[in-house]
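Let me begin by presenting the structure, written as structure tokens, before commenting on it.
What follows is calculated from the coordinates using simple rules that are stated; it is not laboratory data. Note that the structure is a prediction, hence the values are computed from the model and not measured. Note that we place each Cβ from the backbone using ideal geometry, even for glycine, and neighbour counts take in every protein chain shown.
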Amino acid sequence: MAAIDGLPPLREVIRDHELVAKKSLGQNFLLDLNLTAKIARSAGDLTGHDVLEVGPGPGGLTRGLLAEGARKVLAVEKDARCLPALAEIAAHYPGRLEVINGDALEVDVRAHLTPPIRIAANLPYNVGTELLVRWLTPKEWPPFWESLTLMFQKEVAERIVAKPGSNHYGRLALLAQWRCEAKIVMILPPEAFTPAPKVHSAVVHLRALPEPRFPADPKVLERVVAAGFNQRRKMLRASLKGIHPQIESLLEEAAIAPTERAERVSLEQFCHLARLVAAARS
Ligand code: SAM
């Protein structure tokens, strides 16, 4: 039976192109086109947007993004075995799908895309986290993308949206929430994928804010946050000792008790402290 977009069902695509999943490439495919369309919808209105998709595989999410009206999809896939399947999708949507065979950590995609851009991906988790950190730390803000819609292990997704006081709260939450609105929009059981991974997954949607939520120098903020969470069980007066010789008085000035632990300090307080540290140094 043909799928809703007139292309063959993904099980057939995988069988015909012999796309046996490779563990080394983190291949856990989504085969339900209703689900991939739902994920594409969670990326927001795609009409009038170019979309960067990383790791399209056999193209389930790619088809969702195109069916939901993306102006153009640029898909970067490392596994050359997927190219014939992706070429069939490109032929079905003339001029709207460009595929680059390469490593998303190395390919420079900017020249292939016209703003406004959204990014969507179901990626191996290690690559996903590295790309997320890169997308969140560009040289200039606002970045070249408007939103990121990314599948992660549920535990990683929880680290991105965590609030102070939670065990998941740390560097990733602060980095993401400083410059974005971040929320979990979908949770998927292992059976949603073929082959099924060991853990649940979640889709996180991050919308870039026009400017960071609170002013702070990105490098100073990152140093303070990293030092605080490297020894998260320690009191801040100890874990931040290397940041500034007068750290206790700077903490007090930022209304943070020097005996407090990093996991209870809000983003606003970290930004305030980073500003005081920067001023005390200059
Ligand atoms: N998007 C497809 C789906 O949802 O069914 C495939 C998802 S699968 C979890 C991850 C995909 O990312 C695979 O197709 C894999 O080959 C690809 N991939 C892995 N590492 C990559 C990298 N560094 N750059 C680009 N693609 C990569």
Requested in this report: Would you please give the residues with an amide H less than 5 Å from that of F29, counting only those at least 5 places away or on a separate chain, with H modeled from the backbone geometry?
Outcome: T194
**Report entry** Rg over Rh [alpha-carbon atoms, Kirkwood Rh] for segment 218-281
**Finding:** 0.89
Query - aspartates and glutamates whose Cα lies under 14 Å from that of K23, excluding same-chain neighbours fewer than 8 positions away - result: D79
Report task. Starting from the Cα of E253, step 7 Å along the direction of its Cβ; do the same at I4; then give the gap between the two resulting points in nm. Result -> 5.7 nm
Report summary line: Highest mean packing first, using Cβ neighbours within 10 angstrom, the peptides 204-217, 165-178, 130-143 sort as 165-178, 204-217, 130-143
Query raised in the report: Say the dipole of segment 2-208 comes from +1 at the beta carbon of Lys and Arg and -1 at that of Asp and Glu; which of A120, P84, G6 then lies farthest toward its positive end?
Result: A120
Requested in this report: Would you kindly work out the equivalent ellipsoid of segment 42-107 from its C-alpha gyration tensor and give its semi-axes, the square roots of five times the eigenvalues, largest first in whole Å?
Outcome: 18, 13, 10
Query raised in the report: If each of K154 and L83 carries a label point 7 Å out from its Cα toward its Cβ, how far apart are those two points in nm?
Result: 3.9 nm
**Report entry** Angle in degrees between helix 125-136 and the longest Cα principal axis of the chain, rounded to the nearest 10
**Finding:** 60 degrees
Query raised in the report: Dimensions of the chain along principal axes (Cα, Å, largest first)?
Result: 69, 37, 28
Query - 5 angstrom amide H check on I117, placed H, neighbours 5+ away - result: E146
Requested in this report: Excluding residues on the same chain fewer than 8 positions from K234, give the lysines whose Cα lies under 30 Å from its Cα.
Outcome: K154, K163, K183, K219
Report summary line: For K198, placing the label point 7 angstrom along Cα-to-beta-carbon and taking segment 147-171, residues whose amide nitrogen sits under 19 Å are 152-159
Query raised in the report: Which FRET efficiency value, to the nearest 0.05, is calculated for A111 and V185 with the Förster distance at 30 angstrom and r the Cβ-Cβ distance?
Result: 0.50
